[in-house]
Amino acid sequence: NNPQENKPAFDIGKAAHKMILGVGEKIVRVDADSWKTKAAQEKRDKAYADGHIPLLKADVEAAQRMAGAVHSHPLASALLAEGQAELSGYWTDDDTGVRLRFRPDWLTELPSGRICIVDVKTSQSASPQEFSSSAAKWGYAFQQAWYIAGLCALEIAIDPAFLFVIVDKNPPHLVSVVALDDDAASYGYRQMRRAIDTYERCRDSGEWPGYE
């Protein structure tokens with residue numbers, strides 16, 4: 001009922017994501033210096049209406065540099081060399097009967113044979129220390145728990161690994177590969193269980209409260 005609004009601030013990240021993984025919405029390049037002109041705005045609005053990503057020329061080039069930085073990083077490039085991008089999975093939670101779904105960025109197999117989920121993030125800083133704050137703010141531990149639960153429920157993996165590939169939006173577009181520690185993973189699992197249980201309770205009661 002309340003879809004996310006299109007925002008140019010998000011578009012460069014979406015474009016870099018597509019260039020890194022090879023899948024995603026079509027990128028429409030608009031040869032303009034800004035969105036101030038009527039012609040540029042009309043092209044932008046048409047791209048949005050068609051379900052595409054409109055980008056100014058400079059932003060297309062920035063997204064290309066970000067993707068190039070990821071594919072030049074020894075560990076990130078190795079993780080993304082072979083695998084499958086954005087596969088959708090659906091399962092039913094055993095405890096509540098709630099139907100669930102997920103769509104991991106990338107699934108690959110490590111040299112050990114262990115299945116690994118790779119999640120690509122664009123950020124204002126690729127520093128692992130800064131990522132700790134981002135993970136807390138945006139619920140990345142919750143996301144990790146959700147994806148791992150889906151892989152296990154669908155019997156795709158018993159004990160999958162999870163790695164974040166982070167690329168800085170700012171030149172020189174540094175890249176880091178980060179794993180959450182065990183405490184964060186446990187916290188994410190508790191968040192996930194609370195979310196599913198809350199949804200079940202609201203669905204069955206018909207009551208959907210706001211802030212307490």
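Please tell me if residue 67 is farther than 28 Å from residue 165 by Cβ and in contact with a helix residue (DSSP H, G or I) (Cβ under 9 Å, 6 or more places away or on another chain).
Here the answer is no, as residue 67 does not meet what is asked.
Tell me whether the range 163-178 contains one or more residues that are open to solvent by less than 60 Å² (accessible area, probe 1.4 Å), more than 19 Å from residue 76 (Cα to Cα) and hydrophobic (A, V, I, L, M, F, W, C).
no
Of all residues in the range 1-57 being under 20 Å from residue 120 (Cα atoms), touching a residue at least 12 places away in the same chain (Cβ under 8 Å) and charged (D, E, K, R), which is surrounded by the fewest Cβ atoms within 10 Å (Cβ to Cβ)?
Per the stated criteria, the residue is 26.
Out of the range 147-162, which residues are of a type in the set (Gly, Ala, Ser) and open to solvent by less than 50 Å² (accessible area, probe 1.4 Å)?
Of everything in the range 147-162, those that are of a type in the set (Gly, Ala, Ser) and open to solvent by less than 50 Å² (accessible area, probe 1.4 Å) turn out to be 149, 150, 157, 161.
From the list 31, 11, 105, which one is under 30 Å from residue 155 (Cα atoms) and charged (D, E, K, R)?
One residue alone meets the criteria, 105.
Quick check on the range 8-26: of everything there that is charged (D, E, K, R) and in a helix (DSSP H, G or I), which residue is farthest from residue 77 (Cα to Cα)?
11
Whether any residue in the range 105-113 is in a helix (DSSP H, G or I), of a type in the set (A, V, I, L, M, F, W, C) and buried (at least 16 other Cβ atoms within 10 Å of the Cβ) is what I want to check.
no
Tell me which of these residue 89 doesn't satisfy, since it passes every other one: (1) open to solvent by less than 20 Å² (accessible area, probe 1.4 Å); (2) out of contact with any helix residue (DSSP H, G or I) (no Cβ under 6 Å at 6 or more places or on another chain).
(2)
The values are calculated or read from the model by the stated rules, or taken from the named source; none is laboratory data. Values in this document were obtained by computation on a predicted structure and should not be read as measured data. We place every Cβ from the backbone using ideal geometry, glycine too, and count neighbours over all the protein chains shown. Just the protein is used for accessible areas: all its heavy atoms, side chains included, with ligands, DNA and RNA removed. Shrake-Rupley method; radii C 1.70, N 1.55, O 1.52, S 1.80 Å.
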